[in-house]
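The values are calculated or read from the model by the stated rules, or taken from the named source; none is laboratory data. None of the values given here were measured: they were computed from a predicted structure. No Cβ is skipped: glycine too gets one built from the backbone with ideal geometry, and neighbour counts run over all protein chains shown. Heavy atoms of the whole protein, side chains included, go into the accessibility calculation; ligands, DNA and RNA do not. Shrake-Rupley method; radii C 1.70, N 1.55, O 1.52, S 1.80 Å.
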Amino acid sequence: MPKKYHIHPKATPLDLEYVCKFKIVRGENCINCGKCTKVCIYEAHKRRKDDPRKMADPNTVVCRNCFRCIQECPRGALEKSLDNDFTNIGGAFWKPDMLISLWKQAEDGKVPVSGAGYRGPFTGTGFDSMWTDMSEIVRPTRDGIHGREYISTSVDLGRRLNHLTFDTNGQLASKVPDTVDLSIPILFDTPVDNLISNVKVALVKAAAEINTCIIMPAVDITSDVEEYSNNIIPCLAPTEIDTYKAVLKKARLVSIEYSDTVLNDFPGLKEKIKKLSDALTIIRIPAMKDVEGIVAKLTHSGAEIIHIVADYRGQELNGSAGSDRRLLKDIIRAVHLRLVEDRIRDEITIIASGGIAMAEHVPKAMLCGADLTAIDIPLMIALGARVYEEPEKLLILPEGLAKIPLPIITQRMVNLMAAWHSQILEMMGAMGIREARRLRGETGRAIFFEEIDKETFGRLFKRREAVSV
Amino acid sequence: MKPSTVEIKKMPSRFKHQVPKYKVTRSDACINCGTCAKTCPYDVHERVEGHNKAKSPIDYKCIGFECQDEVFYCVAKCPRNALSLSLNPMYATLGDFRWTADMITGTWIMAETGYPPQRTDLEYNVGNSGGGFDKLRFKFPAHPPQVDKSEISTAIPLNRRNDGRANVVISTPVYGGGMSFGSVSLPTMVSKARNATIWNTFTCTGEGGYPEILQAYDDHVITQIATGLFGVREETVQRVKIIEFKYAQGAKPGLGGHLLGEKNTESVARMREAVRGYPLFSPFPFHSVYSIEDHKKHIDWVKEMNPNALVSVKVSTPNDVDMVAVGSYYAGAHIIHIDGGYGGTGAAPDIAKKNIAMPIEYAITKVHNFLKDEGARDAMTLIASGGIRTAHDLAKAICLGADGAVIGTAELVSLECVRCGNCESGRGCARGIASTDSELADLFDEDWATQRLVNMYHAWNVQLVEIIQRFGMRSVKELVGRTDLLEHIDYSHETESAHNG
Ligand code: SF4
Ligand code: SF4
Ligand code: SF4
Ligand code: SF4
């Protein structure tokens, strides 16, 4: 059994102005009777320190929406509404509730737990249109979550052989290619350009602490992060290989930007890298139309690892009209199926990124066919960043970030990953899967909305279009 | 007990104010003439003699935009145009996609009055989730056969095996879900049992033992055997009419149960035969069950202990839920209780609630059809839960293939739960429903709670009878599996489109 992998969370609050969901206003007709102070068990209502005869402004940060003060104030003096900041942040993909949950996870490193049932829509787009399976009587895991049975989240990157060959003496004849082993199926991807120094170092340290790597523009790999070269994947264009010889030499993995030269002559490129370094090559491809065709072609010509990058909301790039842009879920499925059809799926490692925003997206992307994922924006959200989608993508980093001590921002990222790791275990445990490697393409353990809805309701309540044709 | 003989009594909210849907605003132009106070029949406006300012309007009593057509509409009557009417921003903080503010408000009205709301401005039958029940509609015939309401039966048998065990019949096809002592307050638990007795149906202890105080209601209490085996005693198994094996819970399938240390109080610990203050884990799964054969051994064991009792098997809704159901039939269970992924819980990881296992709507169809194909449908009682919020959900679930349903959240909402989701954090439920904190658990008494539940069950029964009547039927049993009586907004039925083509 492998050594048990564990990420150590530590409560790390940041003194930032978070967005709260609710706003409570005390009307002028308040008679300062103090009833609200008694009924709010979360202590949102207190008297003023300087003048205890009067009530202070409600502290809505702690409000849990129980409605007691609203319903019990003798004068009906309290008004509650959704806070404007809350309704304005995020967007259709980065939902405000999601941001609040991520902030919380970065603060305590715990799995978000709540009472009462699910409150969201029945289904949605992309990863929201799938559920994961579970086992209850046949083949369940034995309590993996509480640690009685070990669930491994390790994955490895690199080319794998389609089959092994043995010589006449029964000795292994195939040369087994190198792989890089990560403890969690999540790589870090550099979230923004021009990272301030402490954030950059924190990203690298956090990646090292949880035994994963960070993909970083080669130009950013300066002396301040040198000692972590094991955990840094330099990212560069094929033309820059000579410029970054030194960096390349130390790397275990290198990420090369996709271009026509890469597509047309991967072996030549690989040869060139090999002369300088033992690093395995990741080809970083934007998730464009027919990315599956490109991936197949690259795999046939010997590519080892391919990283498919969708936009920050998990959408296909350079799509013309907004509506027919595929989402990451469907892109991964298309790539996976294409490789399976070509019988080369096992030879290549697929990394999926863009719009991996919540823990659930990781196992879901893997069930669709990815070997692992990469994340970027959530790492900034861990530091209290706000995302806006409208009118255009905007990531606002908290003020004073440069002054926050390195250990604190590192721990926030580690916390987020601790919470995600525990949540991945929850989903795997329920599915009865003990090896993250086994998640890849395991669609039998997924329930897709389109399929199940058609199978059940489609069969019962025939499709209108189909009938009227 | 016939539903018609259940006694309905008005049981108002225990709070001074309700959550308002509308907002009545009085501007500075008001001269405190008192016109509005005189005109509004709902007492929204109050004028106090001697005060020079009118009191703030009591928003929650206002009937809203419907009032515009009334002669007494205060906004039109005010001589200074000082009044205006709008939607209250507060309403947006109540409810969610599944349980909308209208649905919560509607359920509160049912619990208060015993009848579905008279108000026409509340959509309380369907939620806003955009799928499943919320997309299904009834296809009522234009001219159904005339049936008098008094001829309609909502009773269903729970033992369909004909195996000589008790012929348990419940008067309305719903019963209360398992909520353990420790996760909800004693008044909540007792009122559920009293309601079950009045309605001749059941409630369930959940995992965590059988409080003595419930013994008076033995014939209407299902005792649960869950993976932690907390509080399971031979004498309780021997006393009750139904024993339920809980394999999994829809909201957190595959994850087992967890009672926080703070909630493991002296009395809870005694009941569970555990040490006070320690968190209590119910493991997942049953460590003695890894096959249907093991499962059968379990069932044989309780059947041996109590030769008259029925056995229910509660499972969640994985892909192979249909196999599990048929397996349970072969193992000798009477009731297969399937609990969908969107159901309620005292505490569960958000990731599990949203993602693990399928919604109940699909599972009902799957299980019903598979049991039918295996020739086992007539010998099993299929009970659905996990997302049955309203009487309409109940009737739709039955049309999809269930015999009846188990409800949980709807009961809590009747006791004025607002679905804030804080049941298990800190001192527990601030509204005293799901808390064993001595101060909070005392926020209401059993009489109030029992009547609220009785009223809500009555309102559901009224709606159910109405649906059965509109289909020209005489029994709820005729509805089972009648998917032809439903339509789905996204798909439509052949006959309808046939007109176009
Ligand atoms: S309960 Fe109402 S009137 Fe009393 S202090 Fe609070 S807000 Fe003011
Ligand atoms: S709604 Fe509840 S939690 Fe929020 S301030 Fe009022 S009493 Fe406190
Ligand atoms: S709108 Fe109608 S119900 Fe509302 S306050 Fe005015 S008169 Fe009363
Ligand atoms: S009111 Fe809130 S804490 Fe109480 S039972 Fe309902 S959801 Fe749970």
Have a look at B:Ala434, B:Trp460, B:Cys420 and report the one farthest towards the positive end of the charge dipole of segment B:380-501, computed about the Cα centre with Cβ charges (Lys/Arg +1, Asp/Glu -1). B:Trp460
If you plug each phi of segment B:7-18 into the Karplus form 6.51 cos²θ - 1.76 cosθ + 1.60 with θ = phi - 60°, what whole-Hz ³J(HN,Hα) values come out, in order, with x for Gly and Pro? 8, 9, 9, 4, 9, x, 3, 7, 9, 5, 10, 9
From the residues A:Phe86, A:Val111, A:Cys73, which one has its Cα farthest along the dipole of chain A in the positive direction, the dipole being from +1 and -1 charges on Cβ of Lys/Arg and Asp/Glu about the Cα centre? A:Cys73
Ignoring ligands, DNA and RNA, what percent of the 1.4 Å accessible area of segment A:155-452 is carbon and sulfur? 50 percent
What's the total accessible area buried between chains A and B, using a 1.4 Å probe, rounded to the nearest 100 Å²? 7500 Å²
Using a 10 Å cut-off on Cβ to Cβ distances, tally the other chain neighbours for every residue of A:121-127 and report the average as a whole number. 5
Using alpha carbon centroids, what distance separates segment B:471-487 and segment A:193-212, in Å? 61 Å
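Could I get the Rg over Rh figure for the protein assembly as shown? Both from C-alpha atoms, Rh via Kirkwood, rounded to two places. Please list the in-between numbers first.
On the way: Rg = 30.3 Å, Rh = 30.5 Å.
With Rg and the Kirkwood Rh in hand, the quotient comes to 0.99.
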Cys residues of chain A with no disulfide-compatible partner (no other Cys Cβ under 4.7 Å) are A:Cys20, A:Cys30, A:Cys33, A:Cys40, A:Cys63, A:Cys66, A:Cys73, A:Cys213, A:Cys235, A:Cys368
The rounded separation in angstrom of the Cα centers of segment B:45-95 and segment A:6-43 is 30 Å
Percent of C-alpha pairs per 5 Å bin, segment A:267-360, short to long: 3, 13, 24, 21, 17, 12, 7, 2, 1, 0
Run down the lysines and flag those whose C-alpha is under 24 Å from the C-alpha of A:Lys250, throwing out any fewer than 8 positions away in its chain. A:Lys175, A:Lys200, A:Lys205, A:Lys270, A:Lys272, A:Lys274, A:Lys275
Bounding extents of segment A:40-187 in its principal axis frame from Cα atoms, largest first in Å, are 94, 36, 33
Go ahead and estimate [θ] at 222 nm for the protein assembly as shown from helices alone: -39,500 (n - 2.57) per DSSP H run with n ≥ 4, summed, over the residue count, rounded to 500. -8000 deg cm²/dmol
Averaged over its residues, how many other protein chain Cβ atoms are within 10 Å of peptide B:241-249's Cβ atoms? 1
Where both residues lie in chain B, what percent of DSSP beta bridges are antiparallel, nearest 5? 30 percent
What list of ³J(HN,Hα) couplings, whole Hz, do you get for segment A:31-45 from phi and the Karplus terms 6.51, -1.76, 1.60, once you set θ to phi - 60° and write x for glycine and proline? 9, 6, 6, x, 4, 4, 4, 6, 7, 7, 6, 9, 6, 7, 10
Rg over Rh of chain A, using C-alpha atoms and the Kirkwood radius, what does it come to? 1.02
Interchain or sequence-distant (5+) residues whose placed amide H lies within less than 5 Å of the amide H of A:Leu78 are A:Gly27
Let me know the mean shielding of A:73-79 by other chains, meaning the per-residue number of their Cβ atoms within 10 Å of its Cβ. 4
Distance (nanometres) between label positions extended 7 Å along Cα→Cβ at B:Arg276 and A:Asn230: 5.0 nm
By average C-beta atoms within 10 angstrom, highest first, the peptides A:103-116, A:440-453, B:26-39: A:103-116, A:440-453, B:26-39
In segment B:22-92, carbon and sulfur make up what percent of the accessible area (probe 1.4 Å)? 50 percent
Please give the contour-minus-distance gain from A:Ala56 to A:Val219: 0.36 nm per residue of separation, less the Cα-Cα distance, rounded to one decimal in nm. 53.4 nm
Note to self: with every protein chain in place and a 1.4 Å probe, segment A:22-82 gives an accessible area per residue in Å² of 54 Å²
Starting from the Cα gyration tensor of segment B:22-92, take the square roots of the eigenvalues, sort them a ≥ b ≥ c, and report rounded, prolate or oblate (rounded when a/c is under 1.5, otherwise prolate if a/b is larger than b/c, else oblate). prolate
Which aspartates and glutamates, on any chain, are close to B:Lys23 with Cα under 17 Å apart, when same-chain ones fewer than 8 places away are left out? A:Glu28, A:Glu79, B:Asp43, B:Glu46, B:Asp59, B:Glu66, B:Asp102, B:Asp121
Dipole magnitude of segment B:94-135 about its Cα centre, charges +1 at Lys/Arg Cβ and -1 at Asp/Glu Cβ only, in debye to the nearest 20? 100 debye
Separation of segment B:135-186 and segment A:372-444 by C-alpha centroid, Å? 46 Å
Relative contact order for chain B: what percent, with Cα pairs under 8 Å and sequence separation of 6 or more? 19 percent
List the longest stretch of chain B that has no exposed loop site; here a site is one of the chymotrypsin sites (Phe, Trp or Tyr not before Pro) assigned by DSSP to anything other than H, G, I, E or B, with at most 13 other Cβ within 10 Å. B:73-501
Counting only protein heavy atoms and rolling a 1.4 Å probe, one gets per residue an accessible area for segment A:155-452 in Å² of 39 Å²
For A:Phe22, which sequence-distant residues (separation of 5 or more, or a different chain) have an amide H within less than 5 Å of its own amide H, given hydrogens modelled in the peptide plane? A:Asp83
Give the long-range amide H neighbours of B:Val174: residues separated by 5 or more places, or on another chain, with amide H under 5 Å away, using H modelled in the peptide plane at 1.01 Å from N. B:Ala405
Using a 1.4 angstrom probe on heavy atoms only, work out the carbon and sulfur share of the accessible area of segment A:5-130 in %. 51 percent
Over chain A, relative contact order from alpha-carbon pairs under 8 Å, at least 6 apart, %: 21 percent
Percent of beta bridges antiparallel (DSSP, the protein assembly as shown, rounded to nearest 5): 35 percent
Cysteines not pairable in chain B (beta carbon separation under 4.7 Å absent): B:Cys30, B:Cys33, B:Cys40, B:Cys62, B:Cys67, B:Cys78, B:Cys204, B:Cys399, B:Cys417, B:Cys420, B:Cys423, B:Cys429
With a cut-off of at most 11 other beta carbons within 10 Å, and DSSP calling the residue loop, which GluC sites (Glu not before Pro) in segment B:434-471 qualify? Please list them. B:Glu439
Can you give the log10 of the normalised intensity I(q)/I(0) at q = 0.10, 0.13 Å⁻¹, computed with Debye over equal Cα scatterers of chain B? -0.78, -1.24
Eight or more residues apart or on different chains, and alpha-carbon atoms under 28 Å: count the Lys pairs in segment A:350-469 matching that. 4
Specify which residue in the list A:Leu298, A:Leu327, A:Phe457 is farthest towards the positive end of the charge dipole of chain A, using unit charges on the beta carbon of Lys, Arg (+1) and Asp, Glu (-1), about the Cα centre. A:Phe457
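Per residue, what accessible area does chain B have, given a 1.4 Å probe and all protein chains present, in Å²?
On a per-residue basis, 37 Å².
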Quick one: of A:Lys54/A:Lys80; B:Lys192/B:Lys314; A:Lys10/A:Lys249; A:Lys80/A:Lys104; A:Lys95/B:Lys396, which pairs are farther than 27 Å apart, Cα to Cα? A:Lys10/A:Lys249; A:Lys95/B:Lys396
Suppose every Lys and Arg Cβ carries +1 and every Asp and Glu Cβ carries -1, with no other charges. What dipole size does the protein assembly as shown come out with about its Cα centre, to the nearest 20 debye? 1600 debye
For segment A:22-82, take every pair of Cα atoms, bin their distances at 5 Å starting from 0, and report each bin as a whole percent. 4, 21, 35, 27, 10, 2
